[in-house]
Amino acid sequence: MVIVVTAHGSERTAVQAIKLGAYDYLSKPFEVDELRVLVKNAIETYSLRAENARLRRKLAATGTFGQLIGSSSAMESVYSLIDKVAPTDVNVLLTGESGTGKEMVAREIHSRSRNASGPFVSVNCAAMPGELIESELFGHEKGAFTGASGRRVGKFEAANGGTLFLDEIGDMSLSTQAKVLRAIEEKTFQRLGSNTTLSTEARIISATNKPLESEVELGRFREDLYYRLCVVRISLPPLRERKSDIPALVHSFCERFSLAYKSEPLRISKEVLKVLLEYDWPGNARQLRNCIERAVVLSDSEEIKIEALPEEILSDRSPGRSATKSSEGITVSKSLNFRTAKREFERQYVEYSLDQVGGNVTKAAAALGMHRQSLQHKIKELGLSKRFVMDD
């Protein structure tokens, strides 16, 4: 910390000194008490900076980024994009499988944005029928339709000055998509049953687990809306592609649920952690969270043991499970539940098809009767992207 003291100073000299990095500036003659206060403030500022740096190092070491957990290279890329887009007003599209934490990322972007003091409003576009989604988004006046007993404020209006998170945007009907596009482009909308035009300054973050490019090709999603929403795209990796983050996630969940359900924190046995690392987690971080919550509740000792894990995880590692082979050598365990078995078959089948054409995605897509972009999305979804290079 530098304090400039001079008997020949001027306002210009003071400004120049501060620009060059001086903490403060003092002209002679000065009172000793004045110098004491200045030095005391400088020391406090230095201490605060040092503490801030220490906390940043600690957070980096624990692999956390706000409410997000993970220090893998895949998550570091996500953090970098969040840091870049958060201070701006650009629309962001979050893609990834169910359970990868898309809403958490949306909330993190909001908390780091200029609209952080404004509301964060979330709406699940797949959770309600098409005839109700417009009322949910834009609101309605009394008598606008049967059952509209009073005025209702819509999500676009409620999110004014903050962030509107449109989850499962790929499930929205084409008619609603047209109205959403207009609201985003013009930043105006009308409540159902009203001719009054309202304005909104909400930032739009949307999310989907569908390949929207393929939905556009199939005519199920508007191309113009897709490009409006996808100014910046952040793809969230499935948990099986960032298994190095599992220990940090497990310990975080264990600590959280121990505080909620137990009198003292529980430990994770090495055997349990080994099993958790070997599992593929088709439900991603959400499935892992539910697994640990269940294990904490069912554990009778200070350590979570193997018997506290769900059956589908234990059966997946059973040494005696039988398997069925197809003519192409694809093996699927009979003891797996339907969802896991289906996913395993898809992974092996796509891998086999790509191998038959030397890894050429375009040729494999033609052989499978799929759009190339749909196959590219499936390759990423099944964790095969590291093995097969995407051709343009």
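Structure summary
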| quantity | calculated |
| --- | --- |
| Simple spin-label estimate for Arg339 and Arg240 in nanometres, 7 Å along Cα-Cβ | 1.3 nm |
| Taking segment 98-221 and dividing mean pair separation by its residue count, relative contact order in percent (alpha carbons under 8 Å, at least six apart) | 29 percent |
| Helical contribution to [θ] at 222 nm, DSSP H n ≥ 4, -39,500 (n - 2.57), averaged over the chain, rounded to 500 | -14500 deg cm²/dmol |
| Inter-label distance, nm, simple model (7 Å from Cα along the C-beta direction), Ala116/Asp224 | 3.7 nm |
| Under 14 Å, Cβ to Cβ, from Ile18 - net charge with Lys/Arg +1 and Asp/Glu -1 | 0 |
| Packing-based ranking, highest mean first, of 158-171, 109-122 given that Cβ atoms within 10 Å are counted | 158-171, 109-122 |
| Exposure rank, largest accessible area first [Asp33, Asp24; 1.4 Å] | Asp33, Asp24 |
| Extended-chain gain in nm, criterion 0.36 nm per residue less alpha-carbon gap, Val5 and Asn360 | 120.7 nm |
| Probe 1.4 Å, accessible area per residue of segment 104-216, Å² | 44 Å² |
| Accessible surface of the chain, 1.4 Å probe, proportion on carbon and sulfur as whole % | 51 percent |
| Accessible area (Å², per residue) of segment 228-318, counting only protein heavy atoms and a probe of 1.4 Å | 49 Å² |
| Signed unit charges on C-beta, dipole axis of the chain, positive-most listed residue Ile133, Ser214, Val296 | Val296 |
| Relative contact order for segment 212-288, counting Cα pairs under 8 Å that sit 6 or more residues apart, in percent | 29 percent |
| Histogram of C-alpha separations across the chain, 10 Å bin width, % | 4, 16, 22, 21, 17, 11, 6, 2, 1, 0 |
| Peptides 306-315, 279-288 ordered by average Cβ neighbours within 10 Å, highest first | 279-288, 306-315 |
| Candidates Ala178, Ala341, Ala50: whichever shows maximal mean-square fluctuation once the chain is modelled as a Gaussian network with Cα springs under 10 Å | Ala50 |
| The chain - percent relative contact order, Cα under 8 Å, separation 6 or more | 14 percent |
| Per-q log10 I(q)/I(0), segment 150-244, q = 0.22 Å⁻¹ (Debye; single scatterer per alpha-carbon; no solvent) | -1.19 |
| Alpha carbon convex hull of segment 266-316, projected area averaged over orientations, nm² | 3.2 nm² |
| Burial order of peptide ranges 92-103, 257-268 (average beta-carbon count within 10 Å, highest first) | 92-103, 257-268 |
| Hypothetical label at Ala74: residues of segment 230-271 whose amide nitrogen lies under 17 Å (7 Å Cα-Cβ projection) | 234-250 |
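The values are calculated or read from the model by the stated rules, or taken from the named source; none is laboratory data. Just so you know, these numbers come straight off a predicted model, no measurement behind them. Backbone-built Cβ (ideal geometry, glycine too); neighbour counts: all protein chains shown. When the accessible area is computed, the model is the full protein with side chains, heavy atoms only, and any ligands, DNA or RNA have been set aside. Shrake-Rupley method; radii C 1.70, N 1.55, O 1.52, S 1.80 Å.
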